[in-house]
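J.: This is the structure, below, for whatever I ask next.
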Amino acid sequence: MDTLLDVSELPNDEQLATEAAREGSDGPAFTALVERFRDRVWRICFRLLGQEDDAQDAAQEVFVRLFMQRASFRGDSKYATWVHAVAVRTCLSLRRSRGRRRHYESAAGAEKRPAQQPASAGLQLDLASMLETLDEEDRAMVILKYAEGYSFEELASIFGLSISACKMRVSRAREKVQRKFGGSGEQS
Amino acid sequence: MNTEHDMDPDWFQQLAEVDVPPVPAHFDHEVRRRVNNALLAVQLIELATKGFLYACGEFSRALVDLLTFSVSGKFSSDRRKRH
């Protein structure tokens, strides 16, 4: 995008968001916001979706939503938190819609695969399937917590929950994974 | 229980070990294209709905005038001039 303003001289995110809300189209303030949050949104989308194509689609959709809803940011929270929340919601809705489709595809493909996975697949390959057993929001929380190092305070702001509720859900998610897969990483 | 908790960090630390690829090359261009498409769609919808309402208003006024003329034989503009 053509950057008309020097991003380094622009004010903080919240002031920039206010400026972007005044713009009629994707002007310099919104362009600067895209530049600032591009990497973080991309990381969230890739972590939650696991595939580059899906992540790219979701990350672009996040910025479209940010643009269309730019006037609704009231400054109750940090703009960064708001962006992260939009990114997470977008990824979750994309996963839900694509999950239904893939469920049918994988069910059809399962008939062609051997009945048992080799034991050598191990923990690393199983990790994704372990997380698939979790509720969508719990899975997202666990990924953001452990893969991206978000604090419980940040998770609480993103998911609109209390800090203790976030701790509880992550803890329960961990317990669920442990119960299901035990020490070996294989489903019991 | 302890064994389970000892296993836990190993499992979840693997999440952080998964590399995130760099942002695709034409990402900004695609964002801009999608934003502009969305903006265009919104403006077209707004134009269509507002234009439709305006047209309905205009035509209904003409229809009312026609009915008024049919009944009274006078244009509403004629009545206004007399007053």
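The values are calculated or read from the model by the stated rules, or taken from the named source; none is laboratory data. Small disclaimer: the values here were computed from a predicted structure and weren't measured. Every residue, glycine among them, receives a Cβ derived from its backbone with ideal geometry; neighbour counts consider all protein chains shown.
J.: Select the helices (runs of 4 or more DSSP H) contained entirely in region A:108-188, then report the ones holding at least 3 residues which are among the charged types (D, E, K, R) and modelled with pLDDT of 90 or more.
T.: A:136-146, A:163-181
J.: Next question, about the same structure. Would you be able to say whether some residue in region A:57-74 is surrounded by fewer than 17 Cβ atoms within 10 Å (Cβ to Cβ) and more than 13 Å from chain B (Cβ to nearest Cβ)?
T.: yes
J.: How about region A:42-56: which of its residues are more than 16 Å from residue B:26 (Cβ to Cβ) and either facing chain B (nearest Cβ under 9 Å) or polar (S, T, N, Q) (or both)?
T.: A:43, A:46, A:47, A:50, A:51
J.: I need every pair where a residue in region A:139-163 that is over 14 Å from residue A:82 (Cα atoms) has its Cβ under 8 Å from the Cβ of a residue that is in a loop (DSSP other than H, G, I, E, B), sequence separation at least 6 or different chains.
T.: A:142/A:134; A:144/A:150; A:147/B:18
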